[in-house]
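Asker: Quick one: the structure is below, questions incoming.
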Amino acid sequence: MDNSKLKTRLFALVDCNNFYASCERVFNPNLRNKPIVVLSNNDGIIIARSQEAKELGIQMGAPLFKTQAHIDKHNVYVFSSNFTLYGDMSNRVMRILHRFSPEVEIYSIDEAFLSLINLKLDTSTRYCTHIRETVRQWTGIPISIGIAPTKTLAKAANKLAKKIPELNGILDLTDHPKINELLNQLSVSDIWGIGRKYAKFLQSHNIHTAMQLKNASDKWIQKHMTISGLRTIWELRGISCINLEDDTQPRKGILSSRSFSHPVETLNELKESVAKHTTIAAEKLRSQNSSAAQISVFITTNRFNNSPQYSNSATVSLSEATDYTPKLIEYSHKALEKIFKPGYLYKKAGVMIPQTIPSDSTQKNLLTPCSENTYHTNKKIMETIDRLNLRWGRATIKTAAEGIKQEWKTKMEKRTPRYTTRWDEIPIAKC
């Protein structure tokens, strides 16, 4: 029997190439083949680079002011992060991927695992080529795809597909005749599940490549890297140990925080910021049908300047778990008032829901009961606001507690328009 005709289950790891830079290029074709960097909140740190910027030696995480001369010398295009645009483009890519597989695990904003079921082994590359071409045609985003019988090998295949130009962005390691040679080209630090600490440890024991890790002793790996390390080398050998995870699982904790565009001194400004982050956290709660019984608030000064330093956090418990934004803001302000100290220049504030609770199993408070009418009215108000903000853009409707001017708001001086989610920023074609 021709084994190439047998059907099996494979994993595909789809990764959007240089995603943030690619999103910018979709709406500005003049940026193609040009070096691009994208900055963090407040335009301080480089968080994304195009391939051309990487080849110029620009480092991830480098402060902009330290690389400004190098950027100017090589005419590098610099953009503020445009997470509204990137998030929407990511959603478009992921919706396309769901057309090609019944099982999709969204791993990050620009990566997803697909389960390829009932494909003949000799058709997997052709099928993934069709996926790649469809994503490029429908969104303008280039992707690379690694295919393998395990998730770890699929990750490795994706990295190799990017490193070897003649592969055209797709590599299937299933029954590949040169799999050992290919794994020998991949550093052990590039293997999924091998962090910096373990990579350094393995290299100190003369294990430098994925191939060498694959051939390591099971007993030695389990002793020094526990069962998770053993699972990794089994996956490198083609034995599937890690299944796809359901990306609809609710988050166990929620965090929202941002640095300020300038130092903040007053309690009122901090309250506006905390209300904003609480609103975002509440939206995330409702999107996964969860509630919060506790809420934490933290504030901190800028540790990089010479002004007096202060950092603190507080957690308060709600009388009854809820996803109702005004109630959550009320409690987050109580937490903020506990830790605020005048006389400091605050750089950042944030809100965290340490533990989410399914909304349909929350415990009601017998001492301060909320009537059914009030509960359903609040629920309808939140549903309506969420629906309007989803359609017309976040913060189209917001609470007064978030403020109007929001002068503390994050600096984004080089942000491009939010082309796909704002009517007033939609691209204009001139003929």
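Asker: Applying the selection to region 100-130, what residues are hydroxyl-bearing (Ser, Thr, Tyr), under 14 Å from the mean Cα position of the chain (by Cα) and open to solvent by 60 Å² or more (accessible area, probe 1.4 Å)?
Answerer: Across region 100-130, the qualifying residue is only Tyr107.
Asker: Select from region 229-286 the residues that are of a type in the set (S, T, N, Q) and part of a loop (DSSP other than H, G, I, E, B) and write down the one among them that is most open to solvent (accessible area, probe 1.4 Å).
Answerer: Top of the filtered list is Gln249.
Asker: Something else now. Output the number of residues of region 134-153 satisfying the condition of being hydroxyl-bearing (Ser, Thr, Tyr) and open to solvent by 10 Å² or more (accessible area, probe 1.4 Å).
Answerer: So the count comes out to 2.
Asker: Among Tyr86, Tyr77, which is buried (at least 19 other Cβ atoms within 10 Å of the Cβ) and free of Cβ contacts under 8 Å to residues at least 60 places away in the same chain?
Answerer: Tyr77
Asker: Name, by its number, the condition in (1) touching a Ser or Thr at 6+ places or on another chain (Cβ under 7 Å); (2) modelled with pLDDT of 95 or more; (3) surrounded by fewer than 20 Cβ atoms within 10 Å (Cβ to Cβ) that does not hold for Lys34.
Answerer: Only one criterion is unmet by Lys34, namely (1).
Asker: Then there is this: Going by what's in this entry, would Lys219 be described as open to solvent by 70 Å² or more (accessible area, probe 1.4 Å) and touching a residue at least 60 places away in the same chain (Cβ under 8 Å)?
Answerer: Spelling it out, it is not the case that Lys219 is open to solvent by 70 Å² or more (accessible area, probe 1.4 Å) and touching a residue at least 60 places away in the same chain (Cβ under 8 Å).
Asker: Scan region 22-30 and tell me whether some residue there is open to solvent by 10 Å² or more (accessible area, probe 1.4 Å), under 30 Å from Arg126 (Cβ atoms) and without any contact (Cβ under 8 Å) to a residue 24 or more places away in the chain.
Answerer: There is at least one residue in region 22-30 that is open to solvent by 10 Å² or more (accessible area, probe 1.4 Å), under 30 Å from Arg126 (Cβ atoms) and without any contact (Cβ under 8 Å) to a residue 24 or more places away in the chain.
Asker: Can you find even one residue in region 137-144 that is closer than 23 Å to Phe27 by Cβ, aliphatic (A, V, I, L, M) and either part of a strand (DSSP E or B) or at pLDDT below 95 (or both)?
Answerer: Taking region 137-144 first, the residues closer than 23 Å to Phe27 by Cβ are 137-144.
Remaining after also requiring aliphatic (A, V, I, L, M): 141, 143.
From the residues that got through so far, the ones that are either part of a strand (DSSP E or B) or at pLDDT below 95 (or both) too are 143.
Yes, region 137-144 has at least one match.
Asker: Among the residues of region 31-65, write down those that are part of a helix (DSSP H, G or I) and in contact (Cβ under 8 Å) with a residue 60 or more places away in the chain.
Answerer: Asn41, Asn42, Asp43
Residue-by-condition table, conditions (1) closer than 30 Å to Asn312 by Cα; (2) at pLDDT 85 or above:
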| site | (1), (2) |
| --- | --- |
| Tyr344 | yes, yes |
| Pro354 | yes, yes |
| Pro358 | yes, yes |
| Glu372 | no, no |
| Lys380 | no, yes |
| Ile385 | no, yes |
| Trp392 | no, no |
| Thr399 | yes, yes |
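Asker: Among Ala199, Ala210, Ala216, which is over 29 Å from the mean Cα position of the chain (by Cα) and small (Gly, Ala, Ser)?
Answerer: Ala216
Asker: Now, a different point. Which pairs do you get when a residue that is under 10 Å from Thr150 (Cβ atoms), found in region 229-246, comes within reach of a residue that is open to solvent by 30 Å² or more (accessible area, probe 1.4 Å) and charged (D, E, K, R), reach meaning Cβ atoms under 7 angstrom, with the pair 6+ apart or on two chains?
Answerer: Leu236/Lys214; Arg237/Lys214; Cys241/Arg231; Ile242/Arg231
Asker: Something else: Can you find a residue that is among the basic types (Lys, Arg), within 30 Å of Trp138 (Cα to Cα) and crowded, with 21+ Cβ neighbours inside 10 Å anywhere in region 41-54?
Answerer: yes
The values are calculated or read from the model by the stated rules, or taken from the named source; none is laboratory data. This is a predicted model, so every value here is computed, not measured. Cβ atoms come from the backbone with ideal geometry, glycine included; neighbour counts cover every protein chain shown. These area figures cover heavy atoms from the full protein model, side chains too; ligands, DNA and RNA do not enter into them. Shrake-Rupley method; radii C 1.70, N 1.55, O 1.52, S 1.80 Å.
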